[in-house]
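**Student:** Once you've had a glance at the structure underneath, I'll fire off some questions.
Since every read-out is calculated from the coordinates, none of them should be taken as a lab result. Being a predicted model, the structure only gives us computed values, none of them experimental. Here the Cβ positions follow ideal geometry from the backbone for every residue, glycine too, while neighbour counts run over all protein chains shown.
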Amino acid sequence: MDDARTEKDRRLDSVRTDSAQPLTTETGVRVGDTDNSLRAGARGPTLLEDFHAREKITHFDHERIPERVVHARGAGAYGRFQPYEGLSDLTAAHFLSGPDVTTPVFVRFSTVAGSRGSADTVRDVRGFAVKFYTEQGNYDLVGNNMPVFFIQDGIKFPDFVHAVKPEPHNEIPQAQSAHDTLWDFVGLQPETTHMMMWLMSDRAIPRSYRTMQGFGVHTFRFVSAEGRGTFVKFHWKPLLGTHSLVWDEAQRIQGKDPDFNRRDLWEAIERGQYPEWELGVQLVAEEDEHAFDFDLLDATKIIPEEEVPVRPIGKMVLDRNPDNFFAETEQVAFHTANVVPGIDFTNDPLLQARNFSYLDTQLLRLGGSNFQQIPVNRPVAPVSNNQRDGFAQHRVHRGQTSYYPNSLGGGCPAPADEGVYRHYAEKVEGGKIRVRSESFADHYSQATLFYNSLADWEREHLVAGFRFELGKCEELAVRQRVVANLNHVDHELSARVAEGIGVEPPETEGTPNHGRSSPAVSMANTAFGSL
Ligand code: HEM
């Protein structure tokens, strides 16, 4: 990749401002004194007519916006993505059509649970969100640094996040996995088990954002120009390798440099050591949808790479720091439903909920319906429609009409025939029921697979992670329940964890529930089944 500026860089030129001019108000009136408010006499009261003081203070009073409801703390950078080869046989996405297409990107890495001011090196999942500014519109791959998720259905997300965030009565603890509400939820909701194994492992304390893998998590769909679908899972692989901190290091760094990961990314880019990731895909033909012993629509499962190898398809480099943290990193708005022709969803119930949630929260977080016009969010593809007005409208639409069809001219022209987004014509049938598929019922075998893949020293760290975090939980019954779940993953693991946290080790080996209902699934099928 050469180091030429991207189309997105050129577009941003028009909004960059340097404060080289003399001081003015927002209306452009020059100001001669910004240290003294206008008053009646040298020691008298301040006058209401001091428009400069009022504007300055009012603007300051309104500087804060809500932080993200999750993933509040993050760091971002611009860069580029270039495919190794054309994938037109699989997808109509132009940005994957061949090595001659380079696409600008903005990436935001984040922690999940902590607030905007929390420390970087906490034990947590990391967000890995990529916005591709493609010629066909923006495509967002909103992933994490772990390939699975805690829950299977987005309707559980508010419950999960309420359990993982600081507890409501005292807002303790910040950005830690060590508290009763999280472990209470986890013990009662065994579908979290696989992800909790990742969270207690060293994957949850990455050394650097530059040494972190990323995963789209869900199964998505590539759709070719002819309408043929192929299931796809996305993987980002850091070319520097995947490296973690050890827990003791992570804790010390939290005190010494809470900006450790953020600073590392910024400084590497300033030094010209641009981090790179390879994008890989696992592809599954539509006819093989049911060829696995898990459900492709279940976000608590990986597709083992032994069964479907990862095919590298391109490379991303991050080579420019943002000019302004708030304007760019804070105001960037990722959304799983920002897709381009050639990429579609599946019926994964977690993904379906996300497709609702991101836009909904951004309407609040970014102050209304025009946040796509914020420079970092603007596509490089042209925008033309009959959406009008709203808070902070920046476009000056011309003409008499803003509806379709119209015979008076102006407004937005008719929808196009070519290059349009076409949804994959998946056949769906079924009654309206509130149940979870039995094919989502096995919560332990992949957790066992994960445990079996670890080296001895990685198991040591995992056990230490469970002991440290679960050991902070004050309710013994909650600890015991989690240990009982771990017994279904591996008897020795649960015994070692139990031993370190003062609860009874399980006497007999657990039974991994291949294809059988867990309590949570049965609950969904019976208690709520008729709602
Ligand atoms: C934010 C990933 C599940 C709702 C984020 C961000 C990432 C992410 C990376 C930060 C985006 C940024 O940098 O601005 C994921 C992954 C998930 C997942 C990989 C599961 C596979 C969910 C679910 C929901 C949800 C199930 C809701 C039903 C949100 C919300 C935000 C967010 C509301 C804040 C967005 C904003 O304020 O801009 N998620 N998430 N996420 N996520 Fe998720």
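**Student:** Sum up the lysine pairs in the chain that clear both bars: alpha-carbon distance under 15 Å and a spacing of 8 or more or different chains.
**Tutor:** Pairs that pass both the separation and distance tests number 5.
**Student:** When you count, for each residue, the other Cβ atoms within 10 Å and take the mean per peptide, how do 189-198, 247-256, 479-488, 234-243 rank with the highest first?
**Tutor:** 189-198, 479-488, 234-243, 247-256
**Student:** Please rank Lys301, Lys56, fewest neighbouring Cβ atoms within 10 Å first, as an exposure proxy.
**Tutor:** Final ranking by Cβ density, sparse to dense: Lys56, Lys301.
**Student:** So, one more: What FRET efficiency comes out for Arg271 versus Thr242 if R0 is 25 angstrom and r is the Cβ-Cβ distance? Round to the nearest 0.05. Mind showing how you got there, number by number?
**Tutor:** Details: r = 21 Å, r/R0 = 0.85.
Once the sixth-power term is evaluated, E becomes 0.70.
**Student:** Could I ask something else about it? I need the calculated FRET efficiency for the pair Asp61 and Ala414, taking r as the beta carbon distance and R₀ as 41 Å, to the nearest 0.05.
**Tutor:** Efficiency for this residue pair is about 0.35.
**Student:** Quick check: the distance between the Cα centres of the range 336-395 and the range 1-77, to the nearest angstrom?
**Tutor:** When both Cα centres are located, 26 Å separates them.
**Student:** How big is the dipole moment of the range 156-298 about its Cα centre under a simple scheme where the beta carbon of each Lys and Arg is +1, that of each Asp and Glu is -1, and everything else is neutral? Debye, nearest 20, please.
**Tutor:** It comes to approximately 580 debye.
**Student:** With helices defined as uninterrupted DSSP H runs, which ones in the chain have an alpha carbon span along their own long axis of at least 20 Å and mean Kyte-Doolittle hydropathy of at least -1.0?
**Tutor:** 349-365, 456-470
**Student:** Here is a further query. Given R₀ = 45 Å, FRET efficiency for Val383-Asn452 by Cβ-Cβ distance, to 0.05?
**Tutor:** 0.35
**Student:** So, how do all the Cα-to-Cα distances of the chain break down into 10 Å bins, in percent, from 0 on up?
**Tutor:** P(r) over the chain, rounded to whole percents: 3, 16, 26, 25, 17, 8, 4, 1, 0.
**Student:** Considering amide H positions built from the backbone, and no H for Pro or chain starts, which residues 5 or more places from Gly314, or on another chain, come under 5 Å of its amide H?
**Tutor:** So Gly314 has HN proximity to Tyr84, Leu279.
**Student:** In what sequence do Cys473, Cys412 fall when counting other Cβ within 10 Å, fewest first?
**Tutor:** With the fewest neighbours first, Cys473, Cys412 line up as Cys412, Cys473.
**Student:** Now for a different question. Applying a 10 Å radius around every beta-carbon, put 64-70, 46-52, 12-18 in order of their mean neighbour count, most first.
**Tutor:** The densest-packed peptide leads the list: 64-70, 46-52, 12-18.
**Student:** Then there's this: How do the peptides 216-223, 451-458 rank, highest first, by the average count of neighbouring beta carbon atoms within 10 Å per residue?
**Tutor:** By packing density, highest mean first, the sequence is 216-223, 451-458.
**Student:** With charges only on Cβ, +1 for K and R and -1 for D and E, what is the dipole size of the range 359-454 about its Cα centre, in debye, rounded to 20?
**Tutor:** Result for the range 359-454 is approximately 360 debye, rounded to the nearest 20.
**Student:** Something else about it: Given just the C-alpha atoms of the range 267-378, how large is their convex hull per residue in cubic angstrom?
**Tutor:** Details: hull volume 17.5 nm³, N = 112.
Convex hull of Cα atoms, per residue: 156 Å³.
**Student:** Taking the dipole about the Cα centre of the chain, with the C-beta of Lys and Arg at +1 and of Asp and Glu at -1, give me whichever of Ser494, Gly410, Gly143 is farthest to the positive side.
**Tutor:** It is Gly410.
**Student:** If you place +1 on the Cβ of every Lys and Arg, -1 on the Cβ of every Asp and Glu, and leave all else neutral, what size is the dipole of the chain about its Cα centre, to the nearest 20 Debye?
**Tutor:** The dipole magnitude comes to about 1600 debye.
**Student:** Continuing with this model, one more query. Please arrange Asp389, Asp344 by how many other C-beta atoms lie within 10 Å of their C-beta, fewest to most.
**Tutor:** Listed from fewest to most nearby Cβ atoms, that is Asp389, Asp344.
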